[in-house]
1. Looking at region 84-123, which of its residues are touching a helix residue (DSSP H, G or I) at 6+ places or on another chain (Cβ under 9 Å) and crowded, with 16+ Cβ neighbours inside 10 Å?
2. So which of Pro206, Pro153, Pro175, Pro165 ends up being touching a residue at least 12 places away in the same chain (Cβ under 8 Å) and assigned to a loop (DSSP other than H, G, I, E, B)?
3. Mind checking whether some residue in region 11-33 is at pLDDT 90 or above, within 16 Å of Lys133 (Cβ to Cβ), surrounded by 14 or more Cβ atoms within 10 Å (Cβ to Cβ) and over 47 Å from the mean Cα position of the chain (by Cα)?
4. For the structure I just gave you, tell me whether Thr258 is touching a Phe, Trp or Tyr at 6+ places or on another chain (Cβ under 8 Å) and surrounded by 15 or more Cβ atoms within 10 Å (Cβ to Cβ).
5. For a quick check of your reading of the model, give me the residue pairs whose first member lies in region 321-333 and is on the phi > 0 side of the Ramachandran plot, whose second is of a type in the set (Lys, Arg) and modelled with pLDDT under 85, with beta-carbon atoms closer than 7 Å and at least 6 apart or on different chains.
6. Residues of region 230-253 being modelled with pLDDT of 80 or more and touching a Phe, Trp or Tyr at 6+ places or on another chain (Cβ under 9 Å), which ones?
7. Looking at region 149-177, which of its residues are in contact with a Lys or Arg (Cβ under 7 Å, 6 or more places away or on another chain) and within 30 Å of Val60 (Cα to Cα)?
8. Exactly one of these conditions fails for Ala337: (1) assigned to a strand (DSSP E or B); (2) free of Cβ contacts under 8 Å to residues at least 60 places away in the same chain; (3) more than 25 Å from Ser169 (Cβ to Cβ); (4) among the hydrophobic types (A, V, I, L, M, F, W, C). Give me its number.
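The values are calculated or read from the model by the stated rules, or taken from the named source; none is laboratory data. These figures come from a predicted structure and were not determined experimentally. As a convention, Cβ positions derive from the backbone with ideal geometry for all residues, glycine included, and neighbour counts pool all protein chains shown.
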Amino acid sequence: MKKTKMNTKNLVVTFCTFALALFLVASVSAADITTNYQVDVDGIQVATNTGLTTNTASVVAGQEFTLKVYFTSNVDDTDVILEATIEGQKDEYRAITTVFDVEADHQYRKVLVLQVPYELQDELSNDLTLSIKIDGKDYKTTFDDITLRVQRPSYNAVVMSATTPSTISAGENFPVEIVLKNMGYNDLEDVYASVSIPELGVSQGPKWFGDLVSLENCTGDCNNEDTVVGQLYLKTAYTTKPGVYDLQVIVQNGDTRTVEHKQITISNEFVENILVTSSMKSVAVGEEAVFDLLIVNPTDNVKVYRIVTDGDVLTASQSVVAVPAGSSTTVKIAGSASEQGKYTFNVNVYEGNNLAKTVPLELNVEGNSSNNTVVVLTIVLAIVFLVLLVLLIVLLGKKPEKTEDFGESYY
């Protein structure tokens, strides 16, 4: 009986010890890193450990704000981070500090930059929730949610779309359709738009797109009053290299300026419109080599070119050539040399005063003059003629054989 009571007592002691250990672990795990903190948004105090401030801080939709958190640590902890999240109806943005350590009874300051979601489609302003927590290896503190007031920017012309043809050819005059919308708090007066491809040095505009009222001031169909559609045209050179280019759309008035980018693809079937069929010729000394220079005009207008050759060795069949729209012209370039060797020359093609292209040519002169070739050919032909003449004389000198005429017999 005594033994049974002893076992029961030991069991109760063991259970109490285990329960106390669980309580202590739970108490440690539930401890806060801090109970003394302050939160500022763009320099405005929005919360402390005693509660939220009376006035709600305002931030701008689509822009960034600076969050500063000051706190005093209650504990020693390591691998600590401060995480902040701003949540909208559709989007949320999160920012996290790098890992740091804390020591009890010491103050800390952490700074984060967060992006404000832009979800104000049918209202000028709305509320969003800012959540903050400090999370360490052993301890954690979650702040009360903070409400921020989100407003539209004062002046904000948004490029809703910039539409171009799916295929763009070099030299083509193609349209850029732009849809603008006033997403700001106030009216936009005298809005202008322009488009450009900086890499190619082409641009169009600025073109007046009109006035755009704000959501607050629209009286009828707001989509027609705060939105406008317009077109601008760009034309690239026919010599534009095929590839992907950055199309830049700039919208501005006296209060705001917006720059948007769009990637477009330009193709070109006539990358080289000035070419030579063969850039190297081999001839004998004194023999003339002829190079064919092809000039293609894929444009809609007549193009006039000047042909300038190096020195006196090369001569062009035409020094000035007019190439009709959508056609081509071949210019003959002739050259010769009186000595053996390799000669290199340049043919410069100018369009107006601008050098369109320099075409390098190579003349390889070897062997004897072409006169020797003519002499050899003449001798060969003379020998052939003599052989034929002898054969003809032999044939004519033969006498025909006499045939026997038997006549007819009558009886």
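1. Answer for region 84-123, where residues must be touching a helix residue (DSSP H, G or I) at 6+ places or on another chain (Cβ under 9 Å) and crowded, with 16+ Cβ neighbours inside 10 Å: just Leu120.
2. Working: Pro206 fails: assigned to a loop (DSSP other than H, G, I, E, B); Pro175 fails: assigned to a loop (DSSP other than H, G, I, E, B); Pro165 fails: touching a residue at least 12 places away in the same chain (Cβ under 8 Å).
The unique qualifying residue is Pro153.
3. At the first step, the residues of region 11-33 found to be at pLDDT 90 or above are 33.
From what's left, within 16 Å of Lys133 (Cβ to Cβ): 33.
Going one step further and asking which of them are surrounded by 14 or more Cβ atoms within 10 Å (Cβ to Cβ), we end up with 33.
Narrowing further to those that are over 47 Å from the mean Cα position of the chain (by Cα): 33.
Taking every residue of region 11-33 in turn, at least one turns out to be at pLDDT 90 or above, within 16 Å of Lys133 (Cβ to Cβ), surrounded by 14 or more Cβ atoms within 10 Å (Cβ to Cβ) and over 47 Å from the mean Cα position of the chain (by Cα).
4. Details: touching a Phe, Trp or Tyr at 6+ places or on another chain (Cβ under 8 Å): no; surrounded by 15 or more Cβ atoms within 10 Å (Cβ to Cβ): yes.
Considered against the rule, which asks whether it is touching a Phe, Trp or Tyr at 6+ places or on another chain (Cβ under 8 Å) and surrounded by 15 or more Cβ atoms within 10 Å (Cβ to Cβ), Thr258 comes out as no.
5. Cβ pairs passing all conditions: none.
6. Of all residues in region 230-253, those modelled with pLDDT of 80 or more come to 230-238, 240-253.
Gly230, Tyr233, Leu234, Lys235, Thr236, Tyr238, Ile250, Val251, Gln252, Asn253, listed by residue number.
7. Val158, Met160, Ala162
8. The single condition Ala337 does not satisfy is (1).
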